[in-house]
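Step one of this worksheet: look at the structure below.
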């Protein structure tokens, strides 16, 4: 959100502290951070009728039998990668959300500017409405998580309109992952709406304690008639690495950035607007975060050559060889979590050595261990 006044940061903090809500001590630190500054819509490339919409390229890894073999090995989860999960569809009024805040904290500069705002939850998700106090003056309101060391963040984001009516105004709506340190340094997956239409983009911003100062649009969808609802996953280490999936398609990946985002992080769900024509609501649902984008299967048998994730219909979703440390590391960042799948282990001839007894719920960052079920007795005893 736009913060052009040196006193604004203090004003926001004071305003948030006097709101009638119960603050869980585990998330109090999130209140001290200033939310993301809007990325100027003028940086988004114009829509191009010659550009085709993005579409998923689904690799064909084949199918296998889902039968579970008679095996001397069992596969057990020893570490969960799930950090947080909230469908955001539990019906609650604004007053209930404020009073029952056990995870999300709500805030922004809309109250400071006396700008209209509102928020509530229904079966569609978390609605956050905001309206600029005057055309060209940015304002916003957000829901923010507590500090977390997660590296993967996901939300389904809906933008309410395809266009707005006044030139030079913009409405921005998205998922932002920002350092919890007192700097406006963040990465984002967001929509930008203007008189020309709605574009979805990936951005990175660095700044000071009250404002973004350097804005980078790293990728933008410039096709016409883009969906107003999109599934967004952000993966970052806050240092040099960023990967973003939109509707299951990897649209951006780099390990050579200078993000300047030391962990822990906060995730923001936020609409920001410089459009005074009406109050517009961003809708957010299916939020989750995870500690990684891969699943590890460790201590595989000596004859193990490959580990596969297989859906309940037998379709192979991911496959990786077993390395010299008897570990297979499977990238699952493109999938929706929890990914429901069997974990199956094969030798070099394709014989199934082991399998989970049923499909398991998988999050990025999970670690599974393979263990022999044969217990050897003392030497000399049968």
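We did not get these values from a lab; they are worked out from the coordinates using the rules stated. Here the structure is a predicted model, which is why all the values come from computation and not from measurement. Quick reminder, even Gly has a Cβ in these numbers, built from the backbone with ideal geometry, and neighbours come from all protein chains shown.
Remarks
- FRET efficiency for the residue 352 to residue 57 pair, using the beta carbon distance and R₀ = 22 Å, is estimated at 0.20.
- Using the Cβ-Cβ distance between residue 224 and residue 42 with R0 set to 22 Å, the FRET efficiency from 1/(1 + (r/R0)^6) comes to roughly 0.70.
- Cα-based values for region 182-309, radius of gyration first and Dmax second, are 17.9, 67 Å.
- Pairs of Cα atoms nearer than 8 Å and 6+ residues apart set the relative contact order; for the chain it is 23 percent.
- Gain in span if fully extended, residue 100 to residue 255, counting 0.36 nm per residue against the direct Cα distance: 51.9 nm
- Residue order for 141, 103, 346, fewest other beta carbons within 10 angstrom first, comes to 103, 346, 141.
- For the chain, modelled as a GNM whose springs connect Cα atoms under 10 angstrom apart, the maximal fluctuation among 175, 349, 43 occurs at 349.
- Hydrodynamic analysis of region 288-344 uses the Kirkwood radius over alpha carbon pairs. Inserted into Stokes-Einstein at 4 °C and 1.567 mPa s, it gives a translational diffusion coefficient of 109 µm²/s.
- Computed over the chain, the percent of Cα pairs more than 25 Å apart is 58.
- Order of 137, 261 - criterion: other Cβ atoms within 10 Å of each residue's Cβ, fewest first: 137, 261
- The shape of region 160-218 can be summarised by an equivalent ellipsoid whose semi-axes, obtained from the alpha carbon gyration tensor, come to 24, 12, 9 Å from longest to shortest.
- Take every Cα pair under 8 Å whose residues are at least 6 apart in sequence, average their separation, divide by the length of region 114-241, and the relative contact order is 21 percent.
- Distance from the Cα centroid of region 96-135 to that of region 280-308 is 32 Å (rounded to whole angstrom).
- Across region 297-370, the mean sequence separation of Cα contacts (distance under 8 Å, 6 or more residues apart), normalised by length, yields a relative contact order of 36 percent.
- Net length gained if the chain between residue 114 and residue 299 were fully extended (0.36 nm per residue, minus Cα distance): 60.7 nm
- Residue among 63, 236, 158 with the largest mean-square fluctuation in a Gaussian network model of the chain, springs linking Cα atoms under 10 Å: 63
- Radius ratio Rg over Rh of region 236-328, counting only Cα atoms, Kirkwood formula for Rh: 1.11
- Note on residue 122/residue 278: beta-carbon distance plugged into 1/(1 + (r/R0)^6) with R0 of 25 Å gives a FRET efficiency of 0.80.
- Cβ-to-Cβ counts within 10 Å put 296, 79, 308 in ascending order as 79, 296, 308, the fewest first.
- When both region 337-351 and region 355-373 are represented by their alpha-carbon centers, they are found 9 Å apart.
- Within the listed set 70, 39, 105, the Gaussian network model of the chain (springs between alpha-carbon atoms below 10 Å) gives the highest mean-square fluctuation for 70.
- For region 100-163, the spread of Cα coordinates along the three principal axes comes to 37, 27, 25 Å, biggest extent given first.
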